[in-house]
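One structure is given below, encoded as structure tokens.
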Amino acid sequence: MNIARILAGWAIALTATAGAQAPARVALLIGNAQYADAPLRNPLNDVREVAASLKSLGFAVTTHENLKLGEMRESLRKFVLTTRTADVRLVYFAGHGLQMRGRSYLLPVDAKINNETHVLERTADATELVEQLSAIERGANVVIIDACRTHPMFTSGTRKMWAAKPGLSKVTASGTVVAFSTRPGQTALDGDGAISVYTRHLTRGLRQAPALPVEEFFKRVRAGVVAETNNKQVPWESSDLNGELCFRPGANGQCVREP
Amino acid sequence: MNPQFDELSRKAAAGTLTAAEREWLDAHLREHPDKRAQLEWDAALSAKLEQKIAAMPALPGWERTERALQAEQAASETGRTARAVKPAVVRSPGILDRVSDWLASSLGFAINAQAMAVALVLVQAGVIGALAWQYERDYSEIRAGTQDQTPRGPLLRVSFREDVRESELRRALAGIGGEIVGGPGQIGVYLVRVKDGDLRAAAQRLRASGITELVEIVEAKR
């Protein structure tokens with residue numbers, strides 16, 4: 001285990017409190033709603049709500065809406081390359097996503113996916129994003145994907161898509177928390193309200209209990225979603241952090257287990 | 001080998017010799033009596049072929065098949081009519097019948113063989129359907145360390161500027177004795193192994209080249 005990484009992980013909360021280095025905590029938020037063949041109602045509201053919550057917690061937030069393929073890949077590339085000295089890197093995506101052969105892919109608004117090759121050519125590789133973030137020596141990463149809504153491509157009856165499936169593939173990565181709005185391989189609800197069920201509980205948690213350790217924080221989010229959806233949607237998360245991380249440490253600079 | 005003899009021998013077998021050819025052939029056989037064996041062989045072969053050809057039906061393949069099918073159908077209808085009048089022909093029991101008999105003797109009641117076959121097909125369809133459903137619901141777990149498949153360090157993790165030409169990239173790599181061993185993916189990160197020399201010096205040279213956005217050393221132990 002890398003000693004430097006452990007120390008960096010433990011230092012996260014303290015650094016955040018001191019606010020010494022800017023930007024110590026950075027976030028990239030992408031909301032894709034205007035899909036030509038499968039528009040979504042909530043992602044833009046979702047991403048704005050999350051942006052407001054994170055800004056209030058001191059994150060330096062970059063928000064993008066309705067990104068096309070090139071724009072989406074470039075925004076992810078820039079984020080990975082330019083935030084290597086940050087203490088916390090957070091990526092949030094709301095939109096359509098799918099999985100194929102153990103990897104997860106996020107769909108830009110201009111994605112026309114008719115076969116497996118299109119999946120590789122016309123989407124953003126979420127698994128590679130997690131891999132590349134995980135490879136950064138300094139700091140911790142949080143990747144939140146509310147992207148498991150069912151795309152009509154999966155009900156169109158085509159067999160060309162036999163390896164691609166709805167939902168996302170499990171991924172765990174060192175120094176990284178990965179949170180999906182639903183279990184791997186399952187689909188999430190867009191919800192009846194202005195924001196998705198998952199994002200509503202996520203932002204509520206960010207407002208009410210930002211000092212919880214992220215593992216505990218996401219458990220609470222999960223419990224809220226499960227209760228509201230009557231067990232139809234069960235969020236999933238994986239944490240492989242080497243230290244303790246919370247969205248905003250308590251008064252003593254530490255995460256707080258029971259606020 | 002005498003080409004003329006060979007040709008006339010075949011013509012003799014076919015019975016198409018002219019008088020002059022017959023005369024030449026006779027004279028040749030007198031001079032070479034050993035050739036008579038070949039003449040007889042050609043004649044025998046010709047006779048065999050004629051027999052085979054005569055045995056083949058005159059109708060072309062498809063028409064012949066069609067007629068055969070019609071004849072078979074007619075025979076089958078005749079047979080059905082005959083069975084309606086006469087008792088059914090006794091045949092040896094098939095495997096389903098035997099299994100059915102065995103089950104009947106074991107369970108104490110009769111089971112129709114066709115019903116059993118249908119049930120078997122339904123069970124198989126159910127199993128296949130269940131497996132297919134399970135497969136659709138399945139997902140794969142991977143660790144972000146799929147890079148485990150890529151070479152381990154010590155390496156350089158390098159991202160080149162977007163406007164860099166391939167020739168510049170190659171020159172820079174050649175300058176540090178570097179070899180691309182991984183990447184790039186969508187993020188555009190390469191893994192570069194430096195064959196001989198100081199990895200830190202190589203990283204420094206790459207940074208100084210001005211064509212990179214990122215140069216990091218990946219230690220051997222990650």
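The values are calculated or read from the model by the stated rules, or taken from the named source; none is laboratory data. This structure is a prediction, so every number in the text was calculated from the model and none was measured. Cβ: placed from backbone, ideal geometry, glycine included. Neighbour counts: every protein chain shown.
For B:VAL118, state whether it is modelled with pLDDT of 60 or more, surrounded by 10 or more Cβ atoms within 10 Å (Cβ to Cβ) and in a helix (DSSP H, G or I). Considered against the rule, which asks whether it is modelled with pLDDT of 60 or more, surrounded by 10 or more Cβ atoms within 10 Å (Cβ to Cβ) and in a helix (DSSP H, G or I), B:VAL118 comes out as yes. Of the set (1) crowded, with 24+ Cβ neighbours inside 10 Å; (2) of a type in the set (Val, Ile, Thr); (3) out of contact with any strand residue (DSSP E or B) (no Cβ under 8 Å at 6 or more places or on another chain), all apply to A:VAL91 but (3). In the range B:213-222 there is at least one residue that is within 47 Å of the chain's Cα centre (by Cα), of a type in the set (Gly, Ala, Ser), more than 11 Å from chain A (Cβ to nearest Cβ) and over 21 Å from A:THR127 (Cβ atoms). Please go through the range A:166-196 and pick out each residue that is facing chain B (nearest Cβ under 9 Å) and modelled with pLDDT of 80 or more. Listed by number, the residues that qualify are A:THR176, A:VAL178, A:ARG183. Within the range A:104-141, the residues that satisfy the criterion of being among the acidic types (Asp, Glu), touching a Gly at 6+ places or on another chain (Cβ under 8 Å) and in a helix (DSSP H, G or I) are A:GLU128, A:GLU131. Determine if the range B:147-168 includes at least one residue that is buried (at least 18 other Cβ atoms within 10 Å of the Cβ), modelled with pLDDT under 85 and within 14 Å of another protein chain (Cβ to nearest Cβ). Yes, some residue in the range B:147-168 is buried (at least 18 other Cβ atoms within 10 Å of the Cβ), modelled with pLDDT under 85 and within 14 Å of another protein chain (Cβ to nearest Cβ).
Pairs linking a residue in the range A:236-259 that is under 10 Å from A:GLU216 (Cβ atoms) to a residue that is of a type in the set (Asp, Glu) and in a loop (DSSP other than H, G, I, E, B), with Cβ atoms under 8 Å and 6 or more positions apart or on different chains, are A:CYS255/A:GLU244.
Can you confirm whether A:GLY70 is surrounded by fewer than 18 Cβ atoms within 10 Å (Cβ to Cβ) and at pLDDT below 95? Answer is no for this residue. For the range B:194-222, the tally of residues that are surrounded by fewer than 19 Cβ atoms within 10 Å (Cβ to Cβ) and in a strand (DSSP E or B) stands at 3. Could you identify the single residue in A:ARG101, A:ARG122 that is within 10 Å of chain B (Cβ to nearest Cβ) and more than 19 Å from A:VAL143 (Cα to Cα)? Step by step, each of A:ARG101, A:ARG122 is checked, and only A:ARG101 is within 10 Å of chain B (Cβ to nearest Cβ) and more than 19 Å from A:VAL143 (Cα to Cα).
Quick grid of which residues meet (1) at pLDDT below 95; (2) crowded, with 22+ Cβ neighbours inside 10 Å; (3) closer than 23 Å to A:SER134 by Cα:
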{"residue": "A:TYR35", "(1), (2), (3)": "yes, no, no"}
{"residue": "A:PRO39", "(1), (2), (3)": "yes, no, no"}
{"residue": "A:ASN42", "(1), (2), (3)": "yes, yes, no"}
{"residue": "A:VAL50", "(1), (2), (3)": "no, yes, yes"}
{"residue": "A:HIS64", "(1), (2), (3)": "no, no, yes"}
{"residue": "A:VAL80", "(1), (2), (3)": "no, yes, yes"}
